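Asker: Following this message is one structure expressed as structure tokens.
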Amino acid sequence: MASYSFSRIPIDVDLVHTENRCINTSIPAPGTDELLEKLDKIESRSMHGQLPIIWHKAEGHNIYDKLGNKWIDFTSMIFVANVGHGNQNVINKVQEVLNLPMLGCYAYPNEIRANYLEKLIKFAGPNFEKAFLLSAGTEATEAAFKLMKMHGQKIGKKKNIVIAISGNWHGRTLGAQMLSDNVAQKSWVTHNQSDIQHIAFPYPWDINEENSEEFLLNNLSTLSENGISLQDDVCGFMLETFQGWGAVFYPTKFVKKIRDICDKNGILLAFDEMQAGFGRTGMNFGYEHYGVKADLICCGKGMGGGFPISGVIGKAAVMDLPEIGNMSSTHSGNPVVCAAGIAVLEEIENYQLVKASADKGLILHTKLNKLAEDFPELIRGIYGKGLIASIVFHKELKGKNSAPTVSAITEKCMQKGLLVVHTGRESIKIGPPLTITEAALLEGIDVIREVLEIISYDARG
Ligand SMILES: Cc1ncc(COP(=O)(O)O)c(C=O)c1O
């Protein structure tokens, strides 16, 4: 992440009082600096760098601090609160388990876990038969990595290589970090990574639908020039459903070609659906936009409505590759988080949140495209689908790296009562709860417009 530090010094800002937002103090609010200093002393700095808001409670599409400031949340807690913050059904279902009481049961059989798995697999669709539950997203991508390699080894001893995509991101533990292609973030990894190969991402400013297959084949031919055979050496493709930092989807033909290559060469195709899953893109899972089948889905984030649950979903023949007891974790499928997972799926079904995401997504994208039209000096393009979107700014503004200016945009939004996702680079991401009202969605977009007007004016100088 670019080294931009949000100011900790409270400044006087315009007060805001609307149905959806309230800013009634200086921002950051009084007391913020003291808490941040305390955290600086006792917590690893790797956790720091977020917008300086002290979360006190979160409900629906709003975040509140203790002083009554209230923000519209366009982050969903980094795409977690799909069914809304503090969702009452999630709270009730969790409460029922707490009241039993039952706080955990390790891998012993449990009815809530069984019910959840059944519901989850049904939600994933007819191509899926079994799931394996974990706690963090990074564990899910690691589990998929293991399954792809085990599947390859079953076919041929050296069918070991997983192809991943440059710029995708899969988590911070060793395997996930190796799959991710962020050179700076994985400089600590000293393991031999020859069993993970990266190919380039087809960015829409370089590659279009029509030449995307050729782009893929050219990239793969570099691997074959290095002696890697798809048939003999490759066991899996791991794709983040869209390029995370900019919510940029692949050209459909690119993904269909990968599917085709997988089918012809005994290779598994896994999608990392951490951000894209559970209705976020206007489909149950985001990869469905490509019209292909997935062999494995890795999911987390929105899955638990705020509770830590993740998982891998696939066909029985793949999911059962590890021996009994050989792929489990202490908190796998904890009944409390499974109860939360059940409530999330109920909310998605009962309130048709997948359709809501598609419908409100249309409004969001139409409005953002209008912003791109009105601020061409700032904005390179709008990307995403459903209720995930990014505004990608020009890489340079006034001849300088734009990342600090884009960080300043997120800061100014915060001062006006709106939270957007700070990426640390030339994009901001927008992913409100799927339950957001149309009024709050439009109000939040108006805040972005107000901020862009200020920035555009400053940029013209
Ligand atoms: C695409 C993707 N994969 C994996 C992860 C890792 O998930 P977690 O932070 O729950 O380990 C994330 C988290 O941001 C993600 O966005």
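Asker: Within 17 Å of the chain's Cα centre (by Cα) and of a type in the set (S, T, N, Q): which single residue out of 182, 219 fits that description?
Answerer: Of 182, 219, the one residue that is within 17 Å of the chain's Cα centre (by Cα) and of a type in the set (S, T, N, Q) is 182.
Asker: Right, next: Taking residue 171 and the conditions (1) of a type in the set (Gly, Ala, Ser); (2) at pLDDT below 95; (3) part of a loop (DSSP other than H, G, I, E, B); (4) within 16 Å of the ligand (Cβ to nearest atom), which numbered condition does it fall short on, given that it satisfies the others?
Answerer: (2)
Asker: Condition first: aliphatic (A, V, I, L, M) and either modelled with pLDDT under 95 or buried (at least 24 other Cβ atoms within 10 Å of the Cβ) (or both). Now tell me which residues in the range 269-284 satisfy that.
Answerer: 270, 274, 276
Asker: While we're here: Any idea how many residues of the range 213-254 are touching a strand residue (DSSP E or B) at 6+ places or on another chain (Cβ under 7 Å), of a type in the set (A, V, I, L, M, F, W, C), outside any strand (DSSP E or B) and within 30 Å of residue 380 (Cβ to Cβ)?
Answerer: 3
Asker: Could you look through the range 286-322, keep only residues that are part of a loop (DSSP other than H, G, I, E, B) and touching a strand residue (DSSP E or B) at 6+ places or on another chain (Cβ under 6 Å), and pick out the one that is nearest to the ligand (Cβ to nearest atom)?
Answerer: If we take residues in the range 286-322 being part of a loop (DSSP other than H, G, I, E, B) and touching a strand residue (DSSP E or B) at 6+ places or on another chain (Cβ under 6 Å), then 300 is nearest to the ligand (Cβ to nearest atom).
Asker: Answer yes or no as to whether residue 75 is farther than 30 Å from residue 318 by Cα, buried (at least 22 other Cβ atoms within 10 Å of the Cβ) and under 21 Å from the mean Cα position of the chain (by Cα).
Answerer: In short, yes.
Asker: Further question on the same structure: Across the range 49-79, what is the number of residues that are more than 16 Å from the ligand (Cβ to nearest atom) and out of contact with any Phe, Trp or Tyr (no Cβ under 9 Å at 6 or more places or on another chain)?
Answerer: Counting residues in the range 49-79 that are more than 16 Å from the ligand (Cβ to nearest atom) and out of contact with any Phe, Trp or Tyr (no Cβ under 9 Å at 6 or more places or on another chain) gives 10.
Asker: Something else: In the range 109-160, what residues are among the basic types (Lys, Arg), assigned to a helix (DSSP H, G or I) and away from the ligand (no atom under 16 Å from the Cβ)?
Answerer: Result: 113, 119, 122, 149, 154.
Asker: If you don't mind, another one. Here's a check for you: in the range 242-268, which residue that is within 14 Å of the ligand (Cβ to nearest atom) and surrounded by fewer than 24 Cβ atoms within 10 Å (Cβ to Cβ) is nearest to residue 310 (Cα to Cα)?
Answerer: The selected residue is 244.
Asker: Going residue by residue through the range 80-93, is there one that turns out to be at pLDDT 95 or above, of a type outside the set (A, V, I, L, M) and within 16 Å of the ligand (Cβ to nearest atom)?
Answerer: The answer is yes; a qualifying residue exists.
Asker: Which residue is farthest from the chain's Cα centre (by Cα), if the candidates are limited to the range 325-356 and must be within 16 Å of residue 114 (Cβ to Cβ) and β-branched (Val, Ile, Thr)?
Answerer: Step by step, filter the range 325-356, then rank; the result is 336.
Asker: Which count do you get for residues in the range 389-438 that are assigned to a strand (DSSP E or B), polar (S, T, N, Q) and closer than 23 Å to residue 305 by Cβ?
Answerer: 0
Asker: Need the failing condition index for residue 377 against (1) farther than 25 Å from residue 70 by Cβ; (2) assigned to a helix (DSSP H, G or I); (3) out of contact with any Phe, Trp or Tyr (no Cβ under 8 Å at 6 or more places or on another chain); (4) touching a residue at least 12 places away in the same chain (Cβ under 8 Å), just the number.
Answerer: If we test residue 377 against (1) farther than 25 Å from residue 70 by Cβ; (2) assigned to a helix (DSSP H, G or I); (3) out of contact with any Phe, Trp or Tyr (no Cβ under 8 Å at 6 or more places or on another chain); (4) touching a residue at least 12 places away in the same chain (Cβ under 8 Å), just (2) comes out false.
Asker: Moving on to the next point. Mind checking which residues of the range 346-360 are over 15 Å from residue 436 (Cα atoms) and surrounded by 21 or more Cβ atoms within 10 Å (Cβ to Cβ)?
Answerer: Scanning the range 346-360 gives no hits.
Asker: Can you tell me which residue is nearest to the ligand (Cβ to nearest atom) among those in the range 94-104 that are hydrophobic (A, V, I, L, M, F, W, C) and surrounded by fewer than 17 Cβ atoms within 10 Å (Cβ to Cβ)?
Answerer: Among those residues, the one meeting the criterion is 103.
The values are calculated or read from the model by the stated rules, or taken from the named source; none is laboratory data. What you see is a predicted model; the values in this text were computed from it and never measured. When we count neighbours, we look across all protein chains shown, and the Cβ atoms used for this are built from the backbone with ideal geometry, even at glycine.
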